[in-house]
2 protein chains.
Amino acid sequence: MTATTPIPLATLAGLLADATRARFCLALLDGRAWSAGELARHAGVAASTASEHLSHLVRGGLLVEERQGRHRYLRLAGPQVAQLIEDMTAHAERAGAAARPPTLRAASAAAAMAAARTCYDHLAGRLGVAITDAFTARGLLRQDAGFALSDDGLAWFAAELGVALPASTGRRPLARPCLDWTERRHHLAGAAGAVLCATALQRRWVSRIGSGRALRLTGAGRQALSALLGLDDPTGDLSASAAGG
Amino acid sequence: MTATTPIPLATLAGLLADATRARFCLALLDGRAWSAGELARHAGVAASTASEHLSHLVRGGLLVEERQGRHRYLRLAGPQVAQLIEDMTAHAERAGAAARPPTLRAASAAAAMAAARTCYDHLAGRLGVAITDAFTARGLLRQDAGFALSDDGLAWFAAELGVALPASTGRRPLARPCLDWTERRHHLAGAAGAVLCATALQRRWVSRIGSGRALRLTGAGRQALSALLGLDDPTGDLSASAAGG
DNA sequence: GCGAGGTTTCGGCGGGCGCCGAAGTGTGCG
DNA sequence: CGCACACTTCGGCGCCCGCCGAAACCTCGC
């Protein structure tokens, strides 16, 4: 009878408060669509359990589904949802980093993620931060009074990268900061970040490692980043070669 | 024995997934410190229940406590936490706005909140959005390639408002967009937004209504906004005087 | 030092919810 | 047309956790 008002904040948080549902959302942060079965296996639960969770997440507006034959494919509902989950992860990592088992066998996977990965539709990790720093150092991105591309930065996409940025008409900002939870600094997100990431994948500057979010920087990528942004050793591998494990 | 890895995202979300804890955090969004008893009464639970919830939230890093004599005062742990909760509220409102009882008696309180309120330490509601629009229209704020104050905008704070902006050295950005969940558009947040809100309160341009987040625009406030930003009717009251309920 | 009032700890209760396996539905392939 | 497979629905189980009241603890003021 205590039908207290639902509190939308609590309802939304409840969707992410379960470990299995959170695992689903984190997996989907790679921006691609997964089938229900893939997600179930990934999270280590029965298909029936996953099915109910996924319906729950779709109803809550965090995921969208696309049915093809006997498959049900699921994606994050959009960049805003991805941003929210990334933000929450960043906060959670900050708070929980202290009380955590220092290392598990999967440390090598974590190392690959820390070097370079996608963050929904843009670049993250040391690579993403290094690119953002290079943008800032060359005056293409200004972070002193907010976070915005300069006129030079807008021109760079057309003249140097050779791709068109979407018009700023939509609700999505051209540039926005996204907190990198391994580097604990901001990297470039928004429509410009998405264009940059898509271009890098398309031109094989980076390639996906396995089926996850981790990326490998290719030789062509190193050359391109050096030529376009004067960026050498973008993932910090050279200077870190003497670091022990 | 299925000691699945804790999943920090789920842990964080779990803190906000309970209606009572969420109510606490939403109340604390006014940026001030509440005593444990005040929060318990506000949420309608026993003091013992509140006590445990609050310890939980402090342990999780969302709240910080300050003990004075027999009182325990609680605040949000910082602007980042406030931002996260605001973001989640915005998302939740967007998703849940459809299936909601259209109106309850507290509609007048909601109306006051929609007109003008604080959002942790900056201005929100129609007032906050109108000020942000005025900034943009006068070239003080650029939203076309991100979200940043222009050089004119930086000068405005010193020359027109007559207050110093904090150096951009800290981790906190000078300007950032904050999604307004009543207007569904961005308003100005960050250090500049905080300075503006603090100045408005200090100079009595706005005053708090009761003990909540809602604000009333004073006559002095109308004059100041008109003189400084060419902004008339910042809360839309004049044009809305014929709107039925 | 004693009472009043704010806060915390402790049991105990109850509901909600995540889990599974089994059975049911729908799709694709041979 | 029937099997295989992906997914969904349905019961049932068990645990987690939020709730309360009683009692202890602490601080203040007299």
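For this structure, a couple of remarks:
- Exclusive hit being away from chain B (no Cβ under 11 Å) and either within 30 Å of A:Q223 (Cβ to Cβ) or modelled with pLDDT under 90 (or both), set A:R117, A:R75, A:R100, A:R94: A:R117
- Within segment A:27-53, the residues that satisfy the criterion of being assigned to a helix (DSSP H, G or I) and either open to solvent by 50 Å² or more (accessible area, probe 1.4 Å) or of a type in the set (S, T, Y) (or both) are A:E38, A:R41, A:H42, A:A47, A:S48, A:T49, A:S51, A:E52.
- Only listed residue being open to solvent by 10 Å² or more (accessible area, probe 1.4 Å), within 25 Å of B:R216 (Cβ to Cβ) and at pLDDT below 95, chosen from B:R171, B:R185: B:R185
- Note on segment B:7-26: residues that are within 13 Å of DNA strand C (Cβ to nearest atom) and either in contact with a strand residue (DSSP E or B) (Cβ under 9 Å, 6 or more places away or on another chain) or outside any helix (DSSP H, G or I) (or both) amount to 4.
- Only a single item in (1) touching a residue at least 12 places away in the same chain (Cβ under 8 Å); (2) more than 14 Å from DNA strand D (Cβ to nearest atom) is not met by A:Q80, and it is number (1).
- The combined condition, being within 12 Å of chain B (Cβ to nearest Cβ) and either modelled with pLDDT under 95 or surrounded by fewer than 22 Cβ atoms within 10 Å (Cβ to Cβ) (or both), is fulfilled by A:A17.
- Candidate set: segment A:144-162, residues that are open to solvent by less than 40 Å² (accessible area, probe 1.4 Å) and farther than 23 Å from B:E183 by Cβ; chosen: the one farthest from the other protein chains (Cβ to nearest Cβ): A:L161
- When segment A:55-99 is limited to residues that are within 11 Å of DNA strand C (Cβ to nearest atom) and not in a helix (DSSP H, G or I), the one that is most open to solvent (accessible area, probe 1.4 Å) turns out to be A:R70.
- Scope segment B:28-54; condition in contact (Cβ under 8 Å) with a residue 24 or more places away in the chain, more than 11 Å from DNA strand C (Cβ to nearest atom) and either acidic (D, E) or away from chain A (no Cβ under 11 Å) (or both); matching residues: B:L28, B:D30, B:G31, B:R32
- Of all the criteria given as (1) buried (at least 23 other Cβ atoms within 10 Å of the Cβ); (2) part of a helix (DSSP H, G or I), the one not satisfied by B:A130 is (1).
- When B:L179, B:L165 are checked against the criterion of being in contact with a strand residue (DSSP E or B) (Cβ under 8 Å, 6 or more places away or on another chain), surrounded by 14 or more Cβ atoms within 10 Å (Cβ to Cβ), at pLDDT below 95 and more than 8 Å from chain A (Cβ to nearest Cβ), B:L179 stands alone in meeting it.
- None of B:A50, B:A19, B:A13 is out of contact with any Phe, Trp or Tyr (no Cβ under 9 Å at 6 or more places or on another chain), within 14 Å of DNA strand D (Cβ to nearest atom) and over 28 Å from B:A194 (Cα atoms) except B:A19.
The values are calculated or read from the model by the stated rules, or taken from the named source; none is laboratory data. Quick caveat, the model's predicted, so the values are computed rather than measured. Note: ideal-geometry Cβ built from the backbone for every residue, glycine included; neighbour counts use all protein chains shown. These area figures cover heavy atoms from the full protein model, side chains too; ligands, DNA and RNA do not enter into them. Shrake-Rupley method; radii C 1.70, N 1.55, O 1.52, S 1.80 Å.
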